[in-house]
Every structure is written in C-alpha cells, then in structure tokens.
Amino acid sequence: MAVSKVHPAEAIVEAHVAGQRLFGENRVQEMQGKHAAVAGLAGIKLHLIGPLQNNKTAKAAELFDAVDTLDSLKTAERLNAAAQALGKVLPVLIEVKLSHEESKHGLAPAELPALLEAMAALSHVEARGLMTVPPWSEDAETARPYFRALRELRDAQAARFPKLAELSMGMSGDFRVAIEEGSTVVRVGTAIFGKRVFA
C-alpha cells in the first residue's frame, strides 16, 4: 500500500501511472480534497488508515473502498448503516493496540473475540483482518514481537472467522521484518513518495 497522506493528488496520479493501485490516506477530510482527481483512476483502491471519528463514518464509507482502523462496535455499526445506505459492503481491518504508547490507537487484544462475534451480525461491513502500529524505533527488529503477536491473534480466530486473513503491518522502516512475520499488506509512504511535505 502506498501511503499518500500529506502528498498531493498529483503524486497519487503519478504513482498510478507507474502501476500502483492500492493507496492509504490518514484523514477523511484530506481524501475529500483529493477524491475528484483520483477516484476515476482505473483499478484504484483507497483505504482509510488513520483514526476514524464517529461523526466521519458516513463520509468515510462514501470515499473509501475499505477502512483499516476499526476499533469499536459503535464505529462498526455506524459504518454498517452508512455502507447499507450506499448499497455496498465495506471491508474493514480491526486495529489492535499492542504497545503501551498513549499515542497509539486500537482495540485491546482481549476485546477482539467479542468484537468479531458482534460484527458477524452486521451485513454491510466485513472484518477481513487485523492491523497494528508498533512503537517507532530505528531498529526494525524491535517491531518483530508486535508483528508476531498480531499474527498469533489472527491465527487464534481463524477457525471461527476464516475471512480474517489480512495482516496490515510494517512501514517503510520495518516492512521486511513484517513480511517475515506474515504481513499481507505493508504501508509504505516515505520510500515511495519521499519525505512528507508540510505547508
């Protein structure tokens, strides 16, 4: 996944021309500003990879092909209603918080089974996997235990929820370790688009 947050729509178009199809954006508002320029690109898939506020669920369901940061039943229910109104089934990843950093978002690992059970009753959102962000470090190996823990969480639910296949973990600095631990989606921004440009 090419993480295009804080980069202009032109950068997405350029990456698309080069063959990239899967893009991640952090904020609903930012995607609103880019959507007209990129939504019509052939085969493009746009995922929300930042925290989703409940008052933005309807717009998120409209703009994105998937939401990778679901962390509560309330948000799942709101996304379900929004997706139903749009006549679509919205794939989601459940964000699990495995670090103790207050800045990180996500569901506590112990809460995952109950959320999956509750979501099974929802017809227009579908849990397809898990996502996590480990504590940042210059040493990619420090992320390995977090990636391994996410894979083990997924595997523990696999028999009951076979569609829970994806593991979104790993970024520009640690994606190799993430892949070794079973990542199916790496979120790469800096290595594709360069350093973020802040206005």
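We did not get these values from a lab; they are worked out from the coordinates using the rules stated. Predicted model only: the values in this text are computed from it and were never measured. All Cβ positions, even for glycine, are placed from backbone atoms using ideal geometry, and neighbour counts span all protein chains on display.
Charge dipole of the chain (Cα centre as origin; +1 on each Lys and Arg Cβ, -1 on each Asp and Glu Cβ, all else neutral): 420 debye, rounded to the nearest 20.
Were the residues from Trp136 through Ala118 laid out at 0.36 nm apart, the gain over their Cα-Cα distance would be 3.3 nm.
Would you mind classifying the chain by shape? Square roots of the alpha carbon gyration tensor eigenvalues, ordered a ≥ b ≥ c; an a/c under 1.5 is rounded, otherwise it is prolate if a/b is larger than b/c and oblate if not. Oblate. For the peptides 27-39, 66-78, 4-16, the ranking by packing is 66-78, 4-16, 27-39, with the highest mean count of neighbouring Cβ atoms within 10 Å listed first. Entry note, the chain: relative contact order of 18 percent, from Cα contacts under 8 Å with a spacing of 6+ residues. Toward the positive end of the charge dipole of the chain, with +1 on the Cβ of Lys and Arg and -1 on the Cβ of Asp and Glu, the farthest Cα among Leu98, Leu116, Ala143 is that of Leu116.
Spatial offset of region 153-199 relative to region 95-118 amounts to 16 Å, using the alpha carbon center of each. With the cut-off at under 14 Å, measuring from each backbone N in region 123-150 to a point 7 Å along the Cα-to-Cβ line of Ala165 picks out 127-130.
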